[in-house]
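Worksheet: one structure, shown below.
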Amino acid sequence: MNSKNKARRSAGIRALRKSIKNKRENGLMKNKIRKIKNKIIGFVDKQKDITKKDIDMEFIKREFSNFNSLQDKMAKKKIFHPNKSQRNTSRLWKYINSNINNIKLNS
């Protein structure tokens, strides 16, 4: 095997390793987003059952900002389309607000 073919082969292997690494990182980011979203939804649902007067909005805002920043990172990396990330964010925020408004009315 001459040196040209050897160089091409090693470049192909490097590219393959890089793509595998990127896929793994993208999957981890998607899992993080899913976990944060489920954490927020679960927390809001618990609040609905309790019907407290003072809801822990700090927790919701903190987790929502984490969710939002991860969505932005993924949109910049072209994992999600920017419109999709904004849609996901607005849907989650609408869900939170509608449930919190129901809690306030019930309390």
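How large is ³J(HN,Hα), in whole Hz, for each residue of the range 17-34 in order, when computed from phi with the Karplus curve 6.51 cos²θ - 1.76 cosθ + 1.60 and θ = phi - 60°, using x for Gly and Pro?
Couplings: 4, 5, 5, 5, 4, 5, 4, 5, 4, 4, x, 5, 5, 4, 5, 4, 4, 4 Hz.
Please report Ser69, Ser85 as a ranked list, fewest other C-beta atoms within 10 angstrom at the top and most at the bottom.
Starting with the residue having the fewest Cβ neighbours, the order is Ser69, Ser85.
Could you list Asp72, Asp56 in order of exposure, starting from the residue whose Cβ has the fewest other Cβ atoms within 10 Å?
Least to most surrounded, the residues fall as Asp56, Asp72.
By counting other Cβ atoms within 10 Å of each Cβ, how are Glu63, Glu58, Glu25 ranked from fewest to most?
The most exposed by this proxy come first: Glu58, Glu25, Glu63.
Every number in this text was worked out from the coordinates using simple rules, so none of it is lab data. Just so you know, these numbers come straight off a predicted model, no measurement behind them. Backbone-built Cβ (ideal geometry, glycine too); neighbour counts: all protein chains shown.
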